[in-house]
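Enquirer: Take this structure first; my questions come after.
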Amino acid sequence: MADCLFCRIRDGEIPAAITHRDDDVLAFKDVNPRAPFHQLVIPARHIASLADAQPADAEILGKLMLTGARLAREAGFAQPGFRVVMNAGPDAGQTVFHVHLHVLAGRTLSWPPG
Ligand code: AMP
Ligand code: ZN
């Protein structure tokens with residue numbers, strides 16, 4: 001998707017602080033962090049929203065979770081804890097329409113989210 005911000009980050013057209021890349025997923029620091037640790041994990045392949053996900057996307061969606069958990073664990077947040085969030089659609093606050101898993105840690109996170 002030529003006009004997708006996260007496809008452009010994937011393709012190196014827009015700089016980002018990339019923390020992990022493999023054939024399937026990319027992770028990078030959120031440019032506007034909402035916690036001391038705030039990274040986004042995205043599928044390399046463009047999927048606009050979790051609302052559009054299909055059974056064939058099960059493996060990649062699982063890989064987003066496992067990658068997010070590994071990044072949080074490697075940064076030392078397994079025990080104090082971390083949160084993964086995926087906003088789907090405007091009411092949930094999704095602003096970038098390329099699926100992304102937020103991984104947040106480093107402070108006490110309130111519940112429920114706003
Ligand atoms: P959402 O509101 O769930 O769609 O989340 C989009 C996230 O992307 C927000 O937390 C933004 O701060 C983040 N973001 C927007 N532009 C960039 C960028 N160029 N690099 C890294 N993160 C970004
Ligand atoms: Zn995209």
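Enquirer: Run the 1.4 Å probe and let me know the accessible area of Val31, rounded to the nearest 10 Å².
Expert: Its accessible surface works out to 140 Å², give or take rounding.
Enquirer: Just to verify a number: what accessible area does Leu5 come out at with the full protein assembly present, 1.4 Å probe, Å² rounded to tens?
Expert: Roll a 1.4 Å probe over it and Leu5 shows about 80 Å².
Enquirer: Got the relative contact order for the chain handy, in percent, Cα pairs under 8 Å and 6 or more residues apart?
Expert: Reported as a whole number, the value is 29 percent.
Enquirer: Using a 1.4 Å probe over the heavy atoms of the protein chains, calculate the carbon and sulfur portion of the accessible area of the chain as a whole percent.
Expert: Looking at the chain in its full context, I get 55 percent from C and S.
Enquirer: Something else now. How far is helix 58-74 tilted, in degrees, relative to the longest principal axis of the Cα atoms in the chain, given as a value from 0 to 90 rounded to the nearest 10?
Expert: Taking the Cα atoms of the chain, the angle to 58-74 is about 40 degrees.
Enquirer: Going by Cα centres, the range 66-96 and the range 1-31 are how many Å apart?
Expert: 16
Enquirer: When the chain is treated as a GNM, springs tying every alpha-carbon pair under 10 Å, which of Ala27, Ala92, Ala72 comes out with the largest mean-square fluctuation?
Expert: Greatest mean-square fluctuation among the candidates belongs to Ala92.
Enquirer: Farthest toward the dipole's positive end in the chain, which of Ile60, His102, Ala2, given Cβ charges of +1 (Lys, Arg) and -1 (Asp, Glu) about the Cα centre?
Expert: Among Ile60, His102, Ala2, the one farthest towards the positive end of the dipole of the chain is His102.
Enquirer: Can you tell which of His100, His38, His20 shows the greatest fluctuation in a Gaussian network model of the chain with Cα springs below 10 Å?
Expert: His20
Enquirer: Next question. Springs between alpha-carbon atoms under 10 Å, Gaussian network over the chain: tell me which of Thr19, Thr67, Thr95 tops the mean-square fluctuations.
Expert: Comparing Thr19, Thr67, Thr95 in the GNM, the peak value goes to Thr95.
Enquirer: To the nearest 500 deg cm²/dmol, what mean residue ellipticity at 222 nm is calculated for the chain from DSSP H runs of n ≥ 4 alone, each contributing -39,500 (n - 2.57), summed and divided by the residues?
Expert: Rounded to the nearest 500, it is -6000 deg cm²/dmol.
Enquirer: Further question on the same structure: Could you sort Asp30, Asp24, Asp91 by accessible area so the largest value comes first, with the probe set to 1.4 Å?
Expert: Ranked list, largest accessible area first: Asp91, Asp24, Asp30.
Enquirer: Note the per residue figure in Å³ for the convex hull of the C-alpha positions in the chain.
Expert: In the chain, the Cα hull volume divided by residue count equals 110 Å³.
Enquirer: Another one. Can you pull out the trypsin sites (Lys or Arg not before Pro) in the range 12-107 that DSSP calls coil and that have at most 16 other Cβ atoms within 10 Å?
Expert: Arg34, Arg45, Arg107
Enquirer: Just the number please: accessible area per residue for the chain, 1.4 Å probe, all protein chains included, in Å².
Expert: That works out to 59 Å² per residue.
The values are calculated or read from the model by the stated rules, or taken from the named source; none is laboratory data. Remember, it's a predicted structure, so these values are computed and weren't measured experimentally. So basically every Cβ, Gly included, is an ideal-geometry build from the backbone, and we count neighbours across all protein chains shown. Accessible surface areas use protein heavy atoms only, side chains included; no ligands, DNA or RNA. Shrake-Rupley method; radii C 1.70, N 1.55, O 1.52, S 1.80 Å.
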